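A quick write-up on the structure given underneath.
The values are calculated or read from the model by the stated rules, or taken from the named source; none is laboratory data. The structure presented is a predicted model; accordingly, all values stated were derived computationally and were not measured. Ideal geometry is used to build each Cβ from the backbone, glycine not excepted, and the neighbour counts take in all protein chains shown. The area values use the complete protein model at the heavy-atom level, side chains included, leaving out ligands, DNA and RNA. Shrake-Rupley method; radii C 1.70, N 1.55, O 1.52, S 1.80 Å.
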Amino acid sequence: MLVTWIFLCFLLLALLILFLKQLWSRRHLPPGPLALPLIGSALTTGLWLSEDYFLKPVKQYGNIYSMWLGHHFVVVLSGFKAVKEGMMSFPEEFSDRPDDAFFTALGKERGIIFSNGHTWKQQRHIGITSLRKLGLGKKSIEHQIEDAAQTLMEVLRQTKGQPFDPSIPVINAVSNVICALSFGHQFAPEDENFQKLIRALETLVKFSGSFYHMLFFVVPRLMTYLPGPHKEALASIDVITSFAKQEIEKHKESSALHEPQDFIDHYLLQMEKRAKDPDSTYNEDNLAQCIFDFFGAGTETTFTTIMWALLLLANHSDIQEKVQKEIKDVFDISRSISYQDRKKLPYTNAVIHEMQRVKYILVTGVPRQTRKDVKMKDYHIPKGTIIIPDLRSVLLDPEQWETPEEFNPNHFLDKDGKFIEREEFLPFGIGERVCVGEQLARIEIFIFLTSLLKAFSFQLPEGVKELSEAPIVKVTMHPQPYKLCAIPTQT
């Protein structure tokens, strides 16, 4: 009995020493919940992602706080002021991507999203310059988007006003925009390889942010030996990259490099120009990864945004009617609407921005990692710390938005009804890692939604009072599956 009591006393003493040691070692770090070995701060913050997962600790610890995800030290920047200060004051220091075993498999050190340093700078450069040369902001890329929008509208007309699930036609249309940009052509919705590509993307999205993804993050070596959905997710990576490599081979055979028509052409031409440069990172592996990045980031985000938009329009028929009236008053029924026309549609533009704000599609911003020690405010942030710029907290910041939780287009209108740009509107990020495809996404969302609203009114099915606005929370936040009715407008 005495031995047992002595053992318990020593155990309690050891735990107390560990507790005090952790307090002492963290005295200059941002405040946050205490961590336990292996599981980190999970007992305090929770084991599952939720809509307010990164918002809840702010009340106790402030807008700059820390937590542990397994053995990874994380600092969260919450609210507009903290995110802006961190991303703008330390652009180089906060420019790396963190080490994550699953994302390493997705393409660490390749492409745009998951690479760092010299590779990232070159891949980002070719991404931006290619989009610009392909006519981003000009009519050429808009024609491709308009074609995809027309195809989508034809599918909706076939529903004849009956309740339908818009997810499949919307994902087909949005994916085809990325296909046109990357490969120079679109696919028929029934194309077997195209559908295989979409299913692979859906598998990756479903896995990201799941419990198994968290396990992969915390104990990656163990996960390589265990069965589970991570195996299917890893296989999906191969499906997408193989799809990209097949298209690359077709482009190499066509020999149209000096009159580039799409991203692959531009990239292969750059490879040719830099063939003798020993510092060049332009190669086919990085090209395939860039295409993967376009699909992974460009398809999922725009698809989810449009799905939320249609749901909000059906739930808020008064706002939908005001948008349709503005479009009808400004444009003839037969005239197509270009992205430049947003200046003539201030209310419509405000509604689209407000949809992206109130239903931001990510649970937080994409993580960064510190390249060196940083002192922010009075806090020490060590090299290798994962930085989470919580963009969701920016878009819901009560210090910046009059009614942050409400769908309120007046957030983007002045007293005269004119559209106003807002610095706090950061759905595409801020700083050096701001989304490469921001302009493309803006054009897509505007053209798709204005084209659809010009042709249809979106109504709730008979007997349905309101569609649920509660999200399915993963890394991206999808609406619950729903059906609505696309009623053709009167010509």
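Remarks
- Tally of residues being assigned to a strand (DSSP E or B) and without any contact (Cβ under 8 Å) to a residue 40 or more places away in the chain across the range 469-491: 1
- Matching residues, the range 109-127, being more than 19 Å from Asp265 (Cα to Cα) and part of a helix (DSSP H, G or I): Gly117, His118, Thr119, Trp120, Lys121
- If you go through the range 188-214 and keep only what is hydrophobic (A, V, I, L, M, F, W, C) and without any contact (Cβ under 8 Å) to a residue 12 or more places away in the chain, you end up with just Ala188.
- When Leu426 is tested against (1) of a type outside the set (Val, Ile, Thr); (2) more than 25 Å from Glu321 (Cβ to Cβ); (3) open to solvent by 30 Å² or more (accessible area, probe 1.4 Å), only condition (3) is not met.
- Applying the criterion of being at pLDDT below 95 and touching a Pro at 6+ places or on another chain (Cβ under 9 Å) to the residues of the range 472-491, the residue that is nearest to Leu312 (Cα to Cα) is His478.
- For the range 262-305, a residue qualifies if it is in a loop (DSSP other than H, G, I, E, B) and open to solvent by 40 Å² or more (accessible area, probe 1.4 Å), and the qualifying residues are Arg274, Ala275, Lys276, Asp277, Pro278, Asp279, Asn283.
- Matching residues, the range 458-491, being surrounded by fewer than 20 Cβ atoms within 10 Å (Cβ to Cβ) and small (Gly, Ala, Ser): Gly463, Ser468, Ala470
- Complete set of residues in the range 95-104 that are surrounded by 20 or more Cβ atoms within 10 Å (Cβ to Cβ) and in a helix (DSSP H, G or I): Phe102
- Residues of the range 131-166 satisfying the condition of being in a helix (DSSP H, G or I), surrounded by fewer than 21 Cβ atoms within 10 Å (Cβ to Cβ) and modelled with pLDDT under 85: Lys139, Ser140
- Condition check for Tyr347: of a type in the set (Ser, Thr, Tyr), open to solvent by 20 Å² or more (accessible area, probe 1.4 Å), assigned to a helix (DSSP H, G or I) and touching a Pro at 6+ places or on another chain (Cβ under 9 Å): yes
- Search result, residues across the range 429-463 that are part of a loop (DSSP other than H, G, I, E, B) and modelled with pLDDT under 95: Gly429, Ile430, Gly431, Glu432, Arg433, Val434, Cys435, Val436, Gly437, Glu462, Gly463
- For the range 440-468, a residue qualifies if it is among the basic types (Lys, Arg) and either over 17 Å from Pro163 (Cα atoms) or in contact (Cβ under 8 Å) with a residue 24 or more places away in the chain (or both), and the qualifying residues are Arg442, Lys454.
- Looking only at residues in the range 306-341 that are of a type in the set (Val, Ile, Thr) and open to solvent by 20 Å² or more (accessible area, probe 1.4 Å), the one that is nearest to Ile171 (Cα to Cα) is Ile333.
- For Glu421: the one exception among (1) more than 14 Å from the chain's Cα centre (by Cα); (2) under 24 Å from Ala173 (Cα atoms): (2)
- Under the condition of being buried (at least 19 other Cβ atoms within 10 Å of the Cβ) and out of contact with any strand residue (DSSP E or B) (no Cβ under 8 Å at 6 or more places or on another chain), the residues counted in the range 397-423 number 4.
- Residue satisfying condition, being among the aliphatic types (A, V, I, L, M) and either in contact with a strand residue (DSSP E or B) (Cβ under 8 Å, 6 or more places away or on another chain) or closer than 30 Å to Phe211 by Cβ (or both), within set Leu453, Leu426: Leu426
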